[in-house]
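The values are calculated or read from the model by the stated rules, or taken from the named source; none is laboratory data. Source: prediction; values computed, not measured. Please note: Cβ atoms are built from the backbone with ideal geometry, for glycine as well, and neighbour counts cover all protein chains shown. Heavy atoms of the whole protein, side chains included, go into the accessibility calculation; ligands, DNA and RNA do not. Shrake-Rupley method; radii C 1.70, N 1.55, O 1.52, S 1.80 Å.
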Amino acid sequence: MNVLILGSGGREHAFTLKLSESNKISNLFVAPGNAGTDKIAKNININPTDFIAVKNLVLQNNINMVVVGPEAPLVEGVHDFFLADAELKNIPVIGPKKDGALLEGSKDFSKQFMQKHNVPTAKYQSFTKDNLTDGFTFLETLEPPYVLKADGLAAGKGVLILNSLDEAKAELEEMVSNQKFGEASSTVVIEEFLKGIELSVFVLTDGKNYKILPSAKDYKRIGEGDTGLNTGGMGAISPVPFADESFLNKVEELVVKPTIAGLQKDGIDYRGFIFIGLMNDNGNPSVVEYNVRMGDPETEVVLPRIESDLFDLFEGVANQTLDQKSFSVTDKTATTVMLVSGGYPEAYQKEKEITGFDNVNDSIVFHAGTKIKDNKVVTNGGRVMAISSFGNTIEEALQKSYKSIDKINFDKMNYRKDIGFDLV
Ligand code: AMP
Ligand code: GLY
C-alpha cells in the first residue's frame, strides 16, 4: 500500500512515524512535509489545498489512501473532490467531507448540531450586522466573562473572552460590522462562559462505528502559568489524570454517542477523526468545540501511546469495519514540549539552524516548522519541534523531555518550562 499524508506539522510527522511502523505500507508520501518526515517518507512540495496538484501526485505515485492532517483541505472539500473524480473516487480519504467538516468550519453550525442532538454545551446565540442590537441585548443577559466566536475559520484567533460588557459590545461590532476577522466574523456566536478544566478527547469513526482514542490536555498560552497570547499549543500530556473512568463514561454516553448518532441522522457520512474539546465542570462534560482533525501537539502524545497498527484502523474507517478492529494503548504517560521561535505567536524569524536533536535518544523528536536548507535543518515556522517522552508518571516523562531539550539549540529558541504544572 502507498499512503499520502497531507500537511507539514508535528502532527503529520507523528502520523508518518506511526504509519511507517505498519508492515502493510510500502511507500509513504507527505505533502508538503518537513525535515522530519523527509527522513522516513518522501516529501512532495505541493500545497494540500491545491487539489489538482494532489490528484496528480496521487495518480503518479499509485497512492491507495490519503490521510488529511489539517482542517483547511477538509473544509475546502478535498474528500468531496476525490468522490467526484472518476480516477480518484475509489481511493479512501481519512477525513470528513465538506458537510462533516462544517463542525469545525462553522461555529454556528456546530452549536446548532449540538443543540439539535442534545450534546451538552454552553448556551448561545448567533448574530450578524443585521441584528447587532439583538446581540447587545443578549450580551446584557449574560454574566461576565463574555465569549465571542467568529463563525468561520480564523487561524485559531477568532475567539475573544472579555471581562467588560462595553468591551464585549465594541468587539462584537468590530467583528460583524468591520470584519475584524474578515468574512469569518460576519456571523458571531456569543456563548455562556464555561467554568472548569479543559481537555480533549479524540474519536475515530467510520460513520457508523467509533473508537475513542487516548485523551490529552494541551497548553495553549505562550507564557508560564497559562498566561499571555494563545498559540497553536505549547505542550501536551496524555492520559489526563482527572479524566477518570467515570468522567470518560459520561463523555462517551453524553457526547460521543449522540454526536455519532447525530451525524447519521443528519445524513453526514463522516469518515475520520473528531477532536472534541471539552470542559470538565465538577465531573460533568460540556463541549467547547469540535475539530475535524487531530490536535497538534496532542497527536504527538496520543499516537505514540497507541501500540497497534494505525493503518489497520484506517482501513476499518475506509471499509466501515471499524467495529471489527481493536487497538491497544500503553498505560505509560506521554508528554510533549514544543520548541518555538522567539517572538512566536507574534512575528519571528525563520531559517535558524537547529543543532543537537540527533543526539536525543530518550525522547521522540517530532519536527513541526523545520526544513532542509543547504544540507542543514533550519527553522521554518513558529512551532519548530515537539519533544515527546514516556514515563511512569507525568513528572518522569517531563523530566526526559526537558533533558532532551537541553541538547537542542537554535537562535532564540523558546519553550514552556511548566508543561503539566496544573496536574502534578
Ligand atoms: P475554541 O476555538 O472554540 O476552542 O475556543 C478557544 C478557547 O477559548 C478554548 O480552548 C477555551 O479555552 C476558550 N473557550 C471557548 N469557549 C469557551 C466557553 N464557552 N467558556 C470558557 N472558555 C471557552
Ligand atoms: N492544539 C489545539 C489544536 O490542535 O487545535
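Listed residues Ile222, Ile197, Ile190; which is farther than 30 Å from Pro92 by Cα, at pLDDT 95 or above and within 16 Å of ligand 2 (Cβ to nearest atom)?
Ile222
Name the residue, out of Lys24, Lys39, that is at pLDDT 95 or above, surrounded by 14 or more Cβ atoms within 10 Å (Cβ to Cβ) and basic (Lys, Arg).
Lys39
Of all residues in segment 250-274 being within 16 Å of ligand 2 (Cβ to nearest atom) and touching a helix residue (DSSP H, G or I) at 6+ places or on another chain (Cβ under 8 Å), which is nearest to Ala318 (Cα to Cα)?
Of the residues in segment 250-274, the ones within 16 Å of ligand 2 (Cβ to nearest atom) are 272-274.
From the residues that got through so far, the ones that are touching a helix residue (DSSP H, G or I) at 6+ places or on another chain (Cβ under 8 Å) too are 272, 274.
Working: Gly272: 9, Ile274: 15 Å.
Filtering first and then ranking leaves Gly272.
Which one is nearest to ligand 1 (Cβ to nearest atom) among residues in segment 229-273 that are over 30 Å from Pro92 (Cβ atoms), not in a loop (DSSP other than H, G, I, E, B) and not aliphatic (A, V, I, L, M)? First the steps, then the outcome.
Keep residues of segment 229-273 that are over 30 Å from Pro92 (Cβ atoms), which gives 229-231, 234-235, 237, 240-247, 249-250, 254.
With not in a loop (DSSP other than H, G, I, E, B) added as a condition, the list becomes 229-230, 235, 237, 245-247, 249-250, 254.
Subset that is not aliphatic (A, V, I, L, M): 230, 235, 245-247, 249-250.
Values: Asn230: 7, Gly235: 15, Glu245: 24, Ser246: 23, Phe247: 18, Asn249: 23, Lys250: 18 Å.
Restricting to residues being over 30 Å from Pro92 (Cβ atoms), not in a loop (DSSP other than H, G, I, E, B) and not aliphatic (A, V, I, L, M), the top hit is Asn230.
So Ser238 clears everything in (1) more than 23 Å from Lys97 (Cα to Cα); (2) among the small types (Gly, Ala, Ser); (3) open to solvent by 10 Å² or more (accessible area, probe 1.4 Å) except one condition, right? Which one?
(3)
Hey, among the residues in segment 150-167 that are open to solvent by 40 Å² or more (accessible area, probe 1.4 Å), within 12 Å of ligand 1 (Cβ to nearest atom) and of a type in the set (A, V, I, L, M), which one's farthest from Leu102 (Cα to Cα)?
The extreme case among them is Ile161.
For segment 297-332, which residues satisfy the criterion of being open to solvent by 20 Å² or more (accessible area, probe 1.4 Å), touching a strand residue (DSSP E or B) at 6+ places or on another chain (Cβ under 8 Å) and either within 11 Å of ligand 2 (Cβ to nearest atom) or not in a helix (DSSP H, G or I) (or both)?
Glu307, Lys325, Phe327, Ser328, Val329, Thr330, Lys332 - these are the residues of segment 297-332 that are open to solvent by 20 Å² or more (accessible area, probe 1.4 Å), touching a strand residue (DSSP E or B) at 6+ places or on another chain (Cβ under 8 Å) and either within 11 Å of ligand 2 (Cβ to nearest atom) or not in a helix (DSSP H, G or I) (or both).
When you scan segment 57-66, do you find a residue that is modelled with pLDDT of 95 or more, under 26 Å from Glu298 (Cβ atoms) and crowded, with 21+ Cβ neighbours inside 10 Å, even just one?
yes
Pairs, please: C-beta under 8 Å, at least 6 apart or cross-chain, first residue within 16 Å of ligand 2 (Cβ to nearest atom) and in segment 154-166, second among the small types (Gly, Ala, Ser) and open to solvent by less than 30 Å² (accessible area, probe 1.4 Å)?
If the second residue must be among the small types (Gly, Ala, Ser) and open to solvent by less than 30 Å² (accessible area, probe 1.4 Å), the pairs left are Ala154/Gly182; Ala154/Ala184; Ala154/Ser185; Gly158/Ala150; Gly158/Gly152; Gly158/Ala184; Gly158/Ser185; Val159/Ala150.
Is it the case that some residue within segment 235-249 is more than 24 Å from Ala397 (Cβ to Cβ) and away from ligand 2 (no atom under 16 Å from the Cβ)?
Yes, there is a match, as at least one residue in segment 235-249 is more than 24 Å from Ala397 (Cβ to Cβ) and away from ligand 2 (no atom under 16 Å from the Cβ).
Return yes when Leu139 is assigned to a helix (DSSP H, G or I), open to solvent by less than 70 Å² (accessible area, probe 1.4 Å) and either of a type in the set (Lys, Arg) or within 16 Å of ligand 1 (Cβ to nearest atom) (or both) and no when it is not.
Yes, satisfied.
Does Gly342 meet the test of being surrounded by fewer than 17 Cβ atoms within 10 Å (Cβ to Cβ) and among the small types (Gly, Ala, Ser)?
Here the answer is yes, as Gly342 does meet what is asked.
Out of Ala170, Ala184, report the one residue that is in a helix (DSSP H, G or I), open to solvent by less than 30 Å² (accessible area, probe 1.4 Å) and of a type outside the set (Phe, Trp, Tyr).
Residue meeting the stated conditions: Ala184.
For segment 311-332, does any single residue satisfy the condition of being among the β-branched types (Val, Ile, Thr) and within 17 Å of Leu103 (Cβ to Cβ)?
Of the residues in segment 311-332, the ones among the β-branched types (Val, Ile, Thr) are 317, 321, 329-330.
In the following step, the residues that additionally are within 17 Å of Leu103 (Cβ to Cβ) were identified as 317.
Yes, the conditions are met somewhere in segment 311-332.
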